[in-house]
1. So Arg69 ticks every box in (1) modelled with pLDDT under 85; (2) closer than 23 Å to Gln102 by Cβ but one. Which box is left unticked?
2. Which residue is farthest from Leu135 (Cα to Cα), if the candidates are limited to region 35-93 and must be surrounded by 16 or more Cβ atoms within 10 Å (Cβ to Cβ) and of a type in the set (Ser, Thr, Tyr)?
3. From the list Asp125, Asp145, Asp71, Asp66, exactly one residue is assigned to a loop (DSSP other than H, G, I, E, B) and acidic (Asp, Glu). Which is it?
4. Search region 94-107 for residues being part of a loop (DSSP other than H, G, I, E, B) and in contact with a Ser or Thr (Cβ under 9 Å, 6 or more places away or on another chain), and hand back the single one that is surrounded by the most Cβ atoms within 10 Å (Cβ to Cβ).
5. Please count how many residues of region 125-175 are within 30 Å of Lys104 (Cβ to Cβ) and over 16 Å from the mean Cα position of the chain (by Cα).
6. Somewhere in region 43-64, is a residue small (Gly, Ala, Ser), touching a residue at least 12 places away in the same chain (Cβ under 8 Å) and in contact with a Gly (Cβ under 7 Å, 6 or more places away or on another chain)?
7. Would you point out which residue out of Gly48, Gly85 is among the small types (Gly, Ala, Ser), under 21 Å from the mean Cα position of the chain (by Cα) and part of a loop (DSSP other than H, G, I, E, B)?
8. Being in contact with an Asp or Glu (Cβ under 9 Å, 6 or more places away or on another chain) and at pLDDT below 90 is the requirement here; does Phe29 meet it?
Amino acid sequence: MRFRLAALLPMALALQGLARAQAPLPYRFLLVIGDQWKDPSSYIIEDGGEFQIMAALLKSWGLPFDILRLDQQRLDQYHLLDRDGRPRYGTIIWDAGPGGLQDKGLALVPELVKRYGTGLVILGDTVAAPEISALAGIRYVSEFDSPDTLAATGMHFITRGLDGREKAFVPEDKYLPGNKTVVQDATVLMKLGPHPLLTVKEWNERITPQYLKSRYGSWHVSIRGPPCR
């Protein structure tokens, strides 16, 4: 969990520094969840789990963010766009599972990523949703358990800071759960054995979506800006 949380926000924050000068995105995050919030009035977050950890992390780091819960709300223009039709958020952090996404307004998410360069970070098993995995250039196959080690396969500013320490994040001789995927239109930067862990995909030479699968699940990150070498 330490690797997952430590890597998440630097990747999301990088989106803001790469925003186009002529149309900067707001410095604000949207945390999208499913039914994890047990308080129907949306006041108290007291249950353990990834949602609580993520909300506490954003709060403790002083990052401006809102929470959109798909068990009560939809991803419509009212929530995602301002009065001028521009994105209200520079980064969307997705912590909603792949189930129950019908009629939730997912069609607007690809437009935000491709047209405006909105950052997209996806946690857990949401990579199983075709609407989301398509943005990362991968196809979900199934779950798996693997004893393999973590290894970087390419150079990118996200993996540059690892400096050969990626093996320390995965305990030796332990089977870890993950999601088996097929890379369709992406470049693999990290692998867990033969399985893609981190991939990069460019949109119009400006947007770089990435998919990251950790021992706790799957990530997709869409990073705005030209590829860094």
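1. (1)
2. Filtering region 35-93 for residues that are surrounded by 16 or more Cβ atoms within 10 Å (Cβ to Cβ) and of a type in the set (Ser, Thr, Tyr), the one farthest from Leu135 (Cα to Cα) comes out as Tyr89.
3. On the way: Asp125 fails: assigned to a loop (DSSP other than H, G, I, E, B); Asp145 fails: assigned to a loop (DSSP other than H, G, I, E, B); Asp66 fails: assigned to a loop (DSSP other than H, G, I, E, B).
Unique residue meeting the criteria: Asp71.
4. Once the filter is applied, the top-ranked residue is Ala96.
5. Going through region 125-175, the residues within 30 Å of Lys104 (Cβ to Cβ) turn out to be 125-144, 158.
Next, from what is left, pick out any that are over 16 Å from the mean Cα position of the chain (by Cα): 141-144.
Counting residues in region 125-175 that are within 30 Å of Lys104 (Cβ to Cβ) and over 16 Å from the mean Cα position of the chain (by Cα) gives 4.
6. no
7. Result of the check over Gly48, Gly85: Gly48.
8. Criteria not met by Phe29.
The values are calculated or read from the model by the stated rules, or taken from the named source; none is laboratory data. Remember, it's a predicted structure, so these values are computed and weren't measured experimentally. Glycine also receives a Cβ, built like all others from the backbone with ideal geometry; neighbour counts cover every protein chain displayed.
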